[in-house]
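Values quoted throughout were computed directly from the atomic coordinates according to the rules given, and no laboratory measurement underlies them. All figures in this text were calculated on a predicted structure; none of them were measured in a lab. Every residue, glycine as well, gets a Cβ built from its backbone with ideal geometry; the counts of neighbours run over all protein chains shown.
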Amino acid sequence: MFYEPGNDHGLPFDPFKSCVVPRPIGWISTISPDGVSNLAPYSQFQNLTFDPPYVMFAANQKTSGTRKDSTVNAEQTGEFVYNMATFALREAVNKSARETDPGIDEFDLAGVTKAPSKLVKPFRVAESPVQMECRYHQTLRLPGTGTMGTVDIIIGRVVAIHIQDEYITKDGKIDILKIRPICRLGYYDYAVIDNLFEMVIPGSNHDLCSGMEGAAGKCTRI
Ligand SMILES: Cc1cc2nc3c(=O)[nH]c(=O)nc-3n(C[C@H](O)[C@H](O)[C@H](O)COP(=O)(O)O)c2cc1C
């Protein structure tokens, strides 16, 4: 089949989201200028670069057409936290997606524990195995269809990373199979990471490998 987005695709459900999978879920915590904690999942989430690390989440508008609370808080306070979403935390992740009044504490709503951050004000989700403290860098706003289509892409620089020790293996790697991160597919579908495989680029040298490993500083070329 072929279709142009915006025109009829002829299927009962829009296939687009199912064509970009799996998407990691950025479980984003923020705090409002008057101190209310907010928590919401964003599957339009990604790392942008790694040295120094930057991440982004893309927040569409609320059903009412206004900006989402995570967007407003990140812009107004200049800070947000990424928490990794896992299979064990899936129900809490889902509860925190409810469209609530900005005055409601969504850590309480989701039933998760607040852990203080070291460099930023928003709390971390204590139960999440990996969290990143981020400083707001920039918003990119893309126009879209209807009340929800316009999107605010929030970019932040990662200034601190927490990894629970029990999820670091003896050989110093993050134990993804123990963490069991969840990711979004299309429709109402999710996937969980419960297997992995390793590949090295054929003929790769030390410098290429430093990019794969995420350590630009190890590259010997200037
Ligand atoms: C797994 C999952 C992923 C989601 N991803 C996004 C997303 O990428 N962008 C978005 O605008 N909304 C997304 N949502 C919906 C938001 O989480 C929801 O609108 C939430 O109420 C926003 O909260 P906030 O206004 O407190 O930021 C997602 C919901 C779920 C359950």
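Couple of notes before you dig in:
- The listed residues are 170, 114, 121, and the only one of them that is out of contact with any Leu (no Cβ under 9 Å at 6 or more places or on another chain) and closer than 15 Å to residue 78 by Cα turns out to be 121.
- Out of 144, 156, sole residue that is touching a Cys at 6+ places or on another chain (Cβ under 8 Å) and either surrounded by 15 or more Cβ atoms within 10 Å (Cβ to Cβ) or not polar (S, T, N, Q) (or both): 156
- Among the residues of region 44-80, those that are among the polar types (S, T, N, Q), surrounded by fewer than 23 Cβ atoms within 10 Å (Cβ to Cβ) and within 17 Å of residue 99 (Cβ to Cβ) comprise 44, 60, 61, 63, 64, 66.
- Residue 112 being more than 10 Å from the ligand (Cβ to nearest atom), closer than 22 Å to residue 179 by Cα and touching a helix residue (DSSP H, G or I) at 6+ places or on another chain (Cβ under 9 Å): yes
- You will find that of 100, 145, the residue that is away from the ligand (no atom under 11 Å from the Cβ) and in a loop (DSSP other than H, G, I, E, B) is 145 and no other.
- Total residues in region 49-58, condition assigned to a strand (DSSP E or B), away from the ligand (no atom under 15 Å from the Cβ) and not polar (S, T, N, Q): 3
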